[in-house]
Amino acid sequence: MEVYEFSKTYEERYHEIQRVFHGAGKPLPTSRVRVEWLIFLEKFFDVAEWQGLWKIPRYRCERLNINYPFHLPGTVTSVDFTTGIAEFVTNDDDFEDSEMFQKQYKVPIEQLWVGVEQKDQQFKADEAAEAADAFRYFLTYIWLPWDIEEDDGQDYFSKYVLMRLQMLCDMKTGKIRRSTAAHIRELLVETHRLSEIREIVQEEEPSEEIPNKLDVLVKINAQINLLRSKLAMLQDGNLREIYEDSHLEILENYKSVIVTESNNKLSEILKLVSNIDSTRFCFSLQKALMTSNASDKIHIGSGKHVISFREYFNSQGSICGVKRLENVPRMTLSDCKNTLVPVICSELQDHFLIICNGEFTFENIVFDCTNVKYGFVCQDQAKLTLKNCVIRGSTKLSECGIDLKGSGSVTLNNCLIVDCFYGIGMKSGTTVDLIATDIVRCEYGIFLEEDCDVTLEDSNFKSCTNYGIYLERFKSDVEIEEKEFNEISQLQSLPGFQITGNCSGTALIEIESMDVEVIDDGDD
């Protein structure tokens, strides 16, 4: 199911949150915050039923014994806007013979995404989706579970919103050092995870899984209180430096990092790294990412490097495998698993492996994306470069090797993308350059919207189930004789495509008819 998703600036987020708080007509104390949000949402959901997607949180997935992330399509039959809880009915067609899911669930509205296609054509799904997105963003990034305990009658908006939005903006733009930003992000994720577990434990009766409910809640509350004290210092710009000095390892006097997860590979790395002046050593890539600056050059040896790092990659930094990978498009599955190549993978099943929102380069690396939905997410003004790299997905789980949004761009030179549903997904305004690169065994090699730029040089789409290139909703005054192309070189005549050298693959163009205005000049 296709759903509405939004990418907004922090200024836009500030104004949409401000609209809810100021719409109340008076300063809101903490106790009224959720109530006002639900009043705001209710006017957008004025239909009896609507189609949506439940993006099940990690802890719920664990309880249901299903892989995370998991998205469940269905129909929302009602929403109680005094509590924000929706009645969600799963689609019979999708799970007709499955015993894995119930017919109906009670789901918080913030966990539901509005579908693009709706049965009720009068439902303004785009406006409802944007309102729900604003609420979801607020709960995820601004609201913290202990806020409700601090109801001192002060205006919540002026007390918290600007301060926390500013912290998020500074994290993303690099004003807060990357190691600190990564630490903050981990604390926020852990805070929401523990809060969700606490809510579920409070609702359930004692069982074999939770024999002593009170003890479990005491432990959870102790952990949450510790997180609360840490974040109170980190969100205050005046106290943040004090926290960094006492809690975080901040290293400044170096220009590059060498990662070796075993001492017997150190001599191999030192032979291949030409300049080790001003270099420091880390025992893991995770540790290097947590303690480095965004602009650092990180060198990694062969073998598996497991990460759970979720900070942005930007500021002209790079991660380079010290052993050059040759003729990457011809690499086999056994080559990708070889212990002599550097492999980066996610610690757990997750939504994505790497987010890039600035300029960053990866070289000589195999990215194992078999347990993530997206390999790379490139957003804002991301400028990602991959040289001699493999993105290896899983046909069951990996939706997209590289997902491009905003005005993001990616250059792949001597690379391979294999076993993803979409090799590369492109939103309008994004750019892709493929040089001596193959996309293999994907449902679609490149799936793009109109107004994208694609440059291909000696690149191929092989064994793609549907098409090498699929362009949807193409609108142009260029006359196209056919929609389906057996050779992608035929796309050269279309706007946005530059194709040189030996390129192969199929393509499909979904043409959207343009309205032609007929002008009556008055002549009979």
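Among the candidates Glu326, Glu311, single out the residue that is in contact (Cβ under 8 Å) with a residue 60 or more places away in the chain and crowded, with 20+ Cβ neighbours inside 10 Å. Going through Glu326, Glu311 in turn, just one is in contact (Cβ under 8 Å) with a residue 60 or more places away in the chain and crowded, with 20+ Cβ neighbours inside 10 Å: Glu311.
If you filter the stretch 325-370 down to residues that are part of a strand (DSSP E or B) and hydroxyl-bearing (Ser, Thr, Tyr), you find that the one that is modelled with the highest pLDDT is Thr361. Looking only at residues of the stretch 217-251 that are open to solvent by less than 50 Å² (accessible area, probe 1.4 Å) and β-branched (Val, Ile, Thr), we find that the one that is nearest to the chain's Cα centre (by Cα) is Ile224.
Taking the stretch 458-488 as the range and being open to solvent by 10 Å² or more (accessible area, probe 1.4 Å), within 26 Å of the chain's Cα centre (by Cα) and modelled with pLDDT of 90 or more as the test, the residues that pass are Phe461, Cys464, Thr465, Asn466, Tyr467, Tyr470. Among all residues of the stretch 429-439, there is at least one that is of a type in the set (Asp, Glu), in contact with a Pro (Cβ under 6 Å, 6 or more places away or on another chain) and open to solvent by less than 50 Å² (accessible area, probe 1.4 Å).
Residue by residue, here is whether (1) touching a strand residue (DSSP E or B) at 6+ places or on another chain (Cβ under 8 Å); (2) open to solvent by 30 Å² or more (accessible area, probe 1.4 Å); (3) among the polar types (S, T, N, Q); (4) in contact (Cβ under 8 Å) with a residue 24 or more places away in the chain holds:
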residue: Lys124; (1), (2), (3), (4): no, yes, no, yes
residue: Glu127; (1), (2), (3), (4): no, yes, no, yes
residue: Ala132; (1), (2), (3), (4): yes, no, no, yes
residue: Gly153; (1), (2), (3), (4): no, yes, no, yes
residue: Phe157; (1), (2), (3), (4): no, no, no, yes
residue: Cys169; (1), (2), (3), (4): no, yes, no, yes
residue: Ile176; (1), (2), (3), (4): no, no, no, yes
residue: Arg185; (1), (2), (3), (4): no, yes, no, yes
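Scanning the stretch 41-53 finds one or more residues that are within 30 Å of Ser346 (Cα to Cα) and either crowded, with 17+ Cβ neighbours inside 10 Å or without any contact (Cβ under 8 Å) to a residue 24 or more places away in the chain (or both). Restricting attention to the stretch 187-197, and to residues there that are under 18 Å from the mean Cα position of the chain (by Cα) and in contact (Cβ under 8 Å) with a residue 60 or more places away in the chain, which single residue is farthest from Gly358 (Cα to Cα)? Here the residue is Arg193. For the stretch 353-373, filtering for residues that are open to solvent by 30 Å² or more (accessible area, probe 1.4 Å), touching a Cys at 6+ places or on another chain (Cβ under 9 Å) and not polar (S, T, N, Q) leaves 1. If you check Thr455 against the conditions, is it part of a strand (DSSP E or B), within 19 Å of Asn486 (Cα to Cα), open to solvent by 20 Å² or more (accessible area, probe 1.4 Å) and not aliphatic (A, V, I, L, M)? Answer is yes for this residue.
In the stretch 62-81 there is at least one residue matching the filter, namely being closer than 20 Å to Lys124 by Cβ and part of a loop (DSSP other than H, G, I, E, B).
The values are calculated or read from the model by the stated rules, or taken from the named source; none is laboratory data. This structure is a prediction, so every number in the text was calculated from the model and none was measured. In this analysis, Cβ positions are derived from the backbone assuming ideal geometry, glycine residues included, and neighbour counts consider all displayed protein chains. Calculation scope for accessible area: heavy atoms of the full protein, side chains included, ligands and nucleic acids excluded. Shrake-Rupley method; radii C 1.70, N 1.55, O 1.52, S 1.80 Å.
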